[in-house]
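Notes for the one structure printed next.
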Amino acid sequence: MVLALIALSWATSQADLEAPLAFERQRIGTATFEAASVFDVDRDGHLDILSGEYWYAGPDFEEVHKITEIMAVEDYYDDFSDYPMDVNGDGYKDIVTGGWWGGNLRWLENPAGEDGEWTIHVIDESGPIERCCFYDIDGDGDVEVFPVTAPVLAYELDRSKGEFIKHVLAEEGGGGHGIGFGDLNGDGNPDIVFAHGWLEAPDDPFAGEWTWHPDLPLIPSTSVPILVHDVNEDGLADLIVGAAHDYGLYWYEQSVEDGERVFTQHVIDADRSQYHDLMLADLDKDGEVELVTGKRYRAHQGHDPGGLDPLGLYYFEIGGGDFERYTLDYGPVGEASGAGIYMWIEDVDGNGWPDIVAPGKEGLYLFKNLGPVG
């Protein structure tokens, strides 16, 4: 595999365009955790928002419930993903999370919708976790948990026992910064992508042998996740990568030349920094996904290039590689929101349009998608 380190194209426009969608911003509480999710915590029929130590009762999110205490280190919290999953099969969704400082993967048990602190269960002393990702690697309809660690680990839920089965997928690869999932080589099996290489999936992800390809040097400190997506719709999976601790947002076009895979770098956005979290979602309901991302505030406590620049939350029309940026929010801390480390996209208010929940050290915000302008 060969990487062509040539920036062949800029986005169609580096200027902001007038957004065709209207969004209404709502500050949720005063907490400053960097992860959030949306689900019906107490099964009352309303979607709620959970972030860090608290959940906020829908539909207005004014009622606040504390669920736990989270280790604080300077202005970080040891909570880098808040994924809802019914671990013990009681019908109430629990939370799976992990963090860098605690060095473990854990789940918080929902007390069947009752008030009070949630019981913490340590799944594994996995070591420091940059972030967890959740992906159905075996195609059985249930996601597995992937902490960004080395070696490459996957945790499969056995709901009949309320326990996780630990799988060591590969000793080499993994670690570092960044991870992504998708069929990179077109064989029908989902591969795992890292900044410095990729793991080719066997037919059986838990019993087969993963093949390491160490020749995919992306930018340093890549986003978590790296997105595997056919940007130019040529049938080959490309990569979308943010610079989590520097300026830049890129896509890497895959081609095959003389039997070798070549990845050519294209610049999407060069003048924004700390694109740590990326998501794909069809915000405008036109049948094609948009790229949603933003600045992670104080990702390295303001020491990253651009760390003190204004915050921003954006979505990009992909357009076959001619990315167009639309700004949902932009400005200084206290006036604007970024994207944090683990945002969530879901139709929270039930109007049929996907909304964005954006947590971060600057606060927890809900951006309600009101549909087309006018």
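The values are calculated or read from the model by the stated rules, or taken from the named source; none is laboratory data. Values in this document were obtained by computation on a predicted structure and should not be read as measured data. Cβ coordinates were reconstructed from backbone atoms using ideal geometry, including for glycine residues, and neighbour counts include every protein chain displayed. Protein only, heavy atoms only, side chains kept; ligands, DNA and RNA dropped before computing areas. Shrake-Rupley method; radii C 1.70, N 1.55, O 1.52, S 1.80 Å.
Tell me, which residue of region 232-247 that is closer than 24 Å to GLU288 by Cβ and either under 18 Å from the mean Cα position of the chain (by Cα) or polar (S, T, N, Q) (or both) is surrounded by the fewest Cβ atoms within 10 Å (Cβ to Cβ)? Here the residue is ASN232.
Give all pairs with beta carbons closer than 7 Å in which a residue from region 42-55 that is open to solvent by 10 Å² or more (accessible area, probe 1.4 Å) meets a residue that is hydroxyl-bearing (Ser, Thr, Tyr); count only pairs at least 6 apart in sequence or on separate chains. Cβ pairs passing all conditions: ARG43/TYR92; GLU53/THR68. Filtering LEU236, LEU278, LEU328, LEU291 for residues that are at pLDDT 95 or above, farther than 29 Å from GLY175 by Cβ, of a type outside the set (D, E, K, R) and out of contact with any helix residue (DSSP H, G or I) (no Cβ under 7 Å at 6 or more places or on another chain) leaves a single hit, LEU328.
Can you pull out the residues in region 313-328 that are of a type outside the set (Ser, Thr, Tyr), touching a residue at least 40 places away in the same chain (Cβ under 8 Å), in a strand (DSSP E or B) and open to solvent by 20 Å² or more (accessible area, probe 1.4 Å)? Within region 313-328, GLU324, LEU328 qualify. Of all residues in region 298-340, those being in contact with a Leu (Cβ under 7 Å, 6 or more places away or on another chain) and among the aliphatic types (A, V, I, L, M) number 6. Counting only residues that are charged (D, E, K, R), part of a loop (DSSP other than H, G, I, E, B) and open to solvent by 60 Å² or more (accessible area, probe 1.4 Å), region 158-217 holds 8 of them. Report, by residue number, each residue of region 248-304 that is under 18 Å from the mean Cα position of the chain (by Cα), surrounded by fewer than 21 Cβ atoms within 10 Å (Cβ to Cβ) and among the hydrophobic types (A, V, I, L, M, F, W, C). If the condition is that a residue be under 18 Å from the mean Cα position of the chain (by Cα), surrounded by fewer than 21 Cβ atoms within 10 Å (Cβ to Cβ) and among the hydrophobic types (A, V, I, L, M, F, W, C), then MET279, LEU280, ALA281, VAL289 are the ones that fit.
Within region 203-215, identify whether any single residue is of a type in the set (A, V, I, L, M) and touching a strand residue (DSSP E or B) at 6+ places or on another chain (Cβ under 9 Å), and answer yes or no. Checked against the condition, which is being of a type in the set (A, V, I, L, M) and touching a strand residue (DSSP E or B) at 6+ places or on another chain (Cβ under 9 Å), region 203-215 yields no hits at all. Checked against (1) out of contact with any Leu (no Cβ under 9 Å at 6 or more places or on another chain); (2) at pLDDT 95 or above; (3) open to solvent by less than 60 Å² (accessible area, probe 1.4 Å); (4) at positive phi, GLY103 passes all but condition (2).
Being assigned to a loop (DSSP other than H, G, I, E, B), of a type in the set (Val, Ile, Thr) and either open to solvent by less than 30 Å² (accessible area, probe 1.4 Å) or modelled with pLDDT of 95 or more (or both), is that true of even one residue in region 347-355? Scanning region 347-355, I find at least one residue that is assigned to a loop (DSSP other than H, G, I, E, B), of a type in the set (Val, Ile, Thr) and either open to solvent by less than 30 Å² (accessible area, probe 1.4 Å) or modelled with pLDDT of 95 or more (or both), so the answer is yes. In region 108-121, the residue that is farthest from the chain's Cα centre (by Cα) out of those that are assigned to a strand (DSSP E or B) and under 15 Å from GLY52 (Cβ atoms) is ILE120.
Step by step: first the residues of region 73-100, then only those that are of a type in the set (Asp, Glu) and out of contact with any Ser or Thr (no Cβ under 7 Å at 6 or more places or on another chain), then the one that is surrounded by the fewest Cβ atoms within 10 Å (Cβ to Cβ). Which residue is that? Here the answer is GLU74.
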